[in-house]
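Asker: Submitted below is the structure of interest, expressed as structure tokens.
A short reminder: the numbers here are calculations on the coordinates, not readings from a lab. Keep in mind it's a predicted model, so treat the numbers as computed, not measured. Every residue, glycine as well, gets a Cβ built from its backbone with ideal geometry; the counts of neighbours run over all protein chains shown.
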Amino acid sequence: MFTVFIDQFWQLTISGIALGFIYVLIALGYTMVYGVLRMINFANSEIFMWGTFGAIVASRDLFGYNQTSEPAHGAKLALVLFIQLFASMAFAGLTAVTVEFVAYRRLRAKGTNRLATLISAIGMSMVLSEVMRLLTASRPVGSPRILEKVILVEVWGAQIRLDTLITIMAAGAIFIILERFVKLSRMGKAIRAVSMNEDAAKLMGINLNRVITTTFLVGGLATGAAGFFYITVYEYTKFNIGFTMGLAAFTAAVIGGIGNIRGAFFGGVSLGLAEVYASAILGTQWKSVTIFIVLVLVLLFKPSGLFGEAVTQTRA
Amino acid sequence: MKNFNLRDFGAGIWERSNRYQRVAIVLVTITLAALLPFAGASFLATPVAAYDAVLVYPVAIFVLMSLGLNIVVGKSGMLDLGYVAFFAIGAYTNGLLSMHTGLNTWEIMPIGIGAAMFAGVLLGIPTLRLRGDYLAIVTLGFGEIIRIVALNVSWTNGPNGISGIQMPPPILGKEFALDDQKLFFWVVLVMILLTIWMIRRLTVRRPGRAWEAIRQDEDAAELMGVPTLKYKIWSFTLGAAIGGAAGVLYAAKNLFISPEMFTLNVSILILACVVFGGIGNIWGVILGGAILGYLPDRIRFISDARLLVFGLVLVVVMNFRPDGLLPRKKREKALVKKGASA
């Protein structure tokens, strides 16, 4: 049971960190929306799924890659990867803004109860995944291999592959950019103001709708970037991958304290590691169960997460 | 008829009738419902599946489950996205017991209900302290876990599922048959009537008032001395019991179950039925379950994209008619509006 875990500890650690960075970006999508609306964006998992398809559409339809093509090299490689990242972020960002517009805006204007908004978001999430299921005829979609998975170095028997390294570095960079955006920019200041006190922010002349749309957009961009890295590492997607990834990323956001951006980073990496270790010990089929148990335990014993607010206080 | 409201219209008729007229209304309604399986030759006929089978599943079982979920979502205002878990527990109880023991469906029924209730308490005690979104996501995870367990442990036969579940034994000398499911429909109808009766009794008594208080303002209810956690667990457990009963019936009707029948989609479907018909109003919920259960089998192009349609139903109803087809009583509604704006 533990032999795999001990033998491959460092290898597992590296893939856990890479997975963790993907979670960090999706968790940003949950945490940013939660920060301003005090509400879980149930459709974020499907926004991620649409993001993964963005990367595939870019490489397949824009650059004409297919399953048998040779991986790209040099400047072409950088260009293709960059366009893929851009496409993922654009797909997911657009989806996120659509979700806000269709599922949230009208209900917010009417000031109906939270149950209505939740149900509307769940409906939207169902619509997004069903549209993709019908478009792909329920089949998994493989991504052409753009990036050759070269082993760069070997440390303590753990291979560090190019895709893992790119994921960790680029995801880290995107995280820092977004974190700085919220911290330093004028819009970021507005987002934080709304998150602290919506009414006061409105009185100070902040355009609430614009702030909320921007929040959904930024969260969607982060989630979309996660979709790109997912495709680069796993080279495969399907209409229903959002569910597991979404539940995990949400758990990550809760561990770090939902609504807290730095907390999302910590939560994402630790959950990525926990998931990979647990899969090695218990078997991959119990992965979601482990995540769920972690979620319930955190909600029960440290509901505020490690840096965040108390969730039991949020009104139903 | 600008402000015509079907619910108030119906309630008006009911309130204006005397005792004998009410008994007559109830008897006529039940008779009409019981005669439904004979309407197969009319415009109600379903093109693909057999009409009387469609009436059992999805229609009647959807109605039953919607009534159960309505106790949790509609009466006490807790969003449960893992309702499928109790359905699955009921179905698997029937599958496993009929495989390993000689028990028949009616003997398994109380055990299935008990198992689902037990699961409801087990999940409810830790999680019902959470509210709103958190409860929703935790229940969602729970529903998925039951499916993953059924898929991965050996005693449930994993992905192959359980086949060869026993047909229920004959009732009053009448045999159950695969090609004639009228009897089955009547059995489910009786379950539905019992459930309606139970909910109506509970609604006007202490638990019903406690749920109403919890739904409108949980903090205020707690301050007024309502043991909120206790009544939330009760509500959750009763919902689970009905889900479990529906599961037992479903397994007995289908004679085969496998984990992929119990995905998150089922929870969302039932939620769509509740929302579409009218959250909190049992007549609305029955209508919602019947329509959303029936339409995909009647209109072919919906059956390919039924989840898409159901997702759209959730979004559109919530945005444009949040009270559903048959809204709940005005008195209850007004209180909710006031509570939400405060």
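Asker: Using unit Cβ charges (K, R positive; D, E negative) and no other charged atoms, how large, in debye to the nearest 20, is the dipole of chain B about its Cα centre? Walk me through the intermediate numbers first.
Answerer: On the way: 31 positive and 20 negative charges, 288 e Å.
Value, rounded to 20: 1380 debye.
Asker: Here's a follow-up. Please work out the Kirkwood hydrodynamic radius for the range B:146-204, using every pair of different C-alpha atoms, and report it in angstroms with one decimal place. Before the final figure, lay out the partial values.
Answerer: Values: mean 1/r = 0.0676 Å⁻¹.
Final number for the Kirkwood radius of the range B:146-204 is 14.8 Å.
Asker: Largest first and in whole Å, give the semi-axes of chain B's equivalent ellipsoid, each being the square root of 5 times a Cα gyration tensor eigenvalue. Numbers along the way, then the final one.
Answerer: Numbers: eigenvalues 183, 134, 75 Å².
The equivalent ellipsoid of chain B has semi-axes of 30, 26, 19 Å.
Asker: Further, regarding this structure: Can you give the longest stretch of chain B with no exposed loop site, where a site means chymotrypsin sites (Phe, Trp or Tyr not before Pro) in a DSSP loop (not H, G, I, E or B) with at most 15 other C-beta atoms within 10 Å? Mind dumping the intermediate values first?
Answerer: Values: sites that count: B:PHE4, B:PHE43.
By the stated rule (loop sites, at most 15 other Cβ atoms within 10 Å), B:44-342.
Asker: May I have the pair-distance distribution P(r) for the range B:204-336, computed from all Cα-Cα distances with 5 Å bins from 0 and rounded to whole percent?
Answerer: For the range B:204-336, the pair-distance distribution reads 2, 9, 14, 18, 19, 16, 10, 7, 3, 1, 0.
Asker: Here is a follow-up. In cubic angstrom, how much convex hull volume per residue do the alpha carbon atoms of the range A:116-190 span?
Answerer: Numbers: hull volume 15.6 nm³, N = 75.
Convex hull volume per residue, Cα atoms: 208 Å³.
Asker: Here's something else I'd like to know. Just the projected area, averaged over all directions, of the convex hull on the alpha carbon atoms of the range A:6-72: how many nm²? Spell out each step's value before the answer.
Answerer: Working: hull surface 30.0 nm².
About 7.5 nm², averaged over all directions.
Asker: Leaving out same-chain residues fewer than 8 places away, which lysines sit with a Cα under 17 Å from that of B:LYS329?
Answerer: B:LYS75, B:LYS337, B:LYS338
Asker: Now a separate question. Describe numerically, in nm with one decimal, the distance between label points set 7 Å from Cα along Cα→Cβ at A:VAL155 and at A:LEU282.
Answerer: Label-label distance for A:VAL155 and A:LEU282, simple model: 2.9 nm.
Asker: Please compute the Cα-Cα pair-distance distribution of the protein assembly as shown with 20 Å bins starting at 0, giving whole percents from short to long.
Answerer: Histogram of Cα-Cα distances, whole percents per bin: 18, 50, 27, 4, 0.
Asker: Can I ask one more? With only Lys, Arg, Asp and Glu charged, each at its Cβ (+1 for the first two, -1 for the last two), find how big the charge dipole of the range A:3-313 is about the Cα centre; round to the nearest 20 debye. Intermediate values should be presented prior to the final figure.
Answerer: Working: 24 positive and 15 negative charges, 196 e Å.
The dipole magnitude comes to about 940 debye.
Asker: Quote the relative contact order of chain B in percent (integer), defining contacts as alpha-carbon pairs under 8 Å separated by 6+ residues. Spell out each step's value before the answer.
Answerer: On the way: 509 pairs, mean separation 105.5, N = 342.
It rounds to 31 percent for chain B.
Asker: Now for a separate question. Explain nothing, just the number: relative contact order of the range A:1-103, from Cα pairs under 8 Å at least 6 residues apart, as a whole percent. All intermediate terms of the calculation are to be shown ahead of the outcome.
Answerer: Details: 53 pairs, mean separation 29.0, N = 103.
Reported as a whole number, the value is 28 percent.
Asker: How many times 2.2 N^0.38 Å is the alpha carbon radius of gyration of the range A:90-145? List each step's numbers first, then the result.
Answerer: Details: Rg = 14.4 Å, N = 56, 2.2 N^0.38 = 10.2 Å.
It is 1.42.
Asker: Right, another one. Among the lysines in the range A:3-313, how many pairs, 8 or more places apart or on different chains, have alpha carbons under 28 Å apart?
Answerer: Count of close lysine pairs: 11.
Asker: What does the highest-first list of B:64-75, A:78-89 look like by mean Cβ count within 10 Å? The partial results should precede the final answer.
Answerer: Working: B:64-75: 28.7, A:78-89: 19.4.
The densest-packed peptide leads the list: B:64-75, A:78-89.
Asker: Two decimals is fine: what's Rg over Rh for the range A:3-313, C-alpha atoms, Kirkwood radius as Rh?
Answerer: Working: Rg = 19.2 Å, Rh = 19.7 Å.
Here the Rg-to-Rh quotient is 0.97.
Asker: Show me the GluC sites (Glu not before Pro) within the range B:173-273 that DSSP assigns to loop and that have at most 16 other Cβ atoms within 10 Å of their Cβ.
Answerer: Here the GluC sites (Glu not before Pro) that fit, given the DSSP loop and packing criteria, are B:GLU175.
Asker: Mean Kyte-Doolittle hydropathy of 0.0 or higher plus an axial Cα length of 18 Å or more: which whole DSSP H helices in chain B meet both? All intermediate terms of the calculation are to be shown ahead of the outcome.
Answerer: Numbers: long enough: B:19-35 (24 Å, 1.36); B:84-100 (24 Å, 1.11); B:105-127 (32 Å, 1.36); B:132-152 (30 Å, 1.24); B:182-203 (31 Å, 1.75); B:228-254 (38 Å, 0.58); B:264-277 (20 Å, 2.53); B:282-298 (24 Å, 1.03); B:306-320 (20 Å, 2.35).
Span-like helices in chain B: B:19-35, B:84-100, B:105-127, B:132-152, B:182-203, B:228-254, B:264-277, B:282-298, B:306-320.
Asker: Now, a different point. By its C-alpha gyration tensor, with a ≥ b ≥ c as the square roots of the eigenvalues, how is the range A:88-239 shaped: rounded for a/c under 1.5, else prolate for a/b larger than b/c, else oblate? Mind dumping the intermediate values first?
Answerer: Numbers: a/c = 3.34, a/b = 1.49, b/c = 2.24.
Oblate is the answer for the range A:88-239, as a/c is 1.5 or above yet b/c matches or exceeds a/b.
Asker: If I histogram all Cα-Cα distances within the range B:104-189 using bins 5 Å wide from 0, what percent of pairs lands in each bin?
Answerer: 3, 11, 13, 16, 16, 14, 13, 8, 4, 1
Asker: Also: With a cap of 16 neighbouring Cβ atoms within 10 Å, and only residues DSSP puts in a loop, list the trypsin sites (Lys or Arg not before Pro) found in the range B:165-270.
Answerer: On the way: sites: B:LYS174, B:LYS182, B:ARG200, B:ARG201, B:ARG205, B:ARG209, B:ARG215, B:LYS230, B:LYS232, B:LYS253; in loops: B:ARG205.
When the trypsin sites (Lys or Arg not before Pro) of the range B:165-270 are filtered for loop state and at most 16 Cβ neighbours within 10 Å, B:ARG205 remain.
Asker: Now for a separate question. Based on DSSP H assignment, which helices of chain A show an axial Cα extent of at least 24 Å together with a mean Kyte-Doolittle hydropathy greater than or equal to 1.6? Can you show the working numbers first?
Answerer: Working: long enough: A:9-37 (40 Å, 1.68); A:74-99 (38 Å, 1.80); A:114-135 (32 Å, 1.35); A:162-184 (32 Å, 1.63); A:208-234 (38 Å, 1.15); A:261-282 (31 Å, 1.32).
Long hydrophobic helices here: A:9-37, A:74-99, A:162-184.
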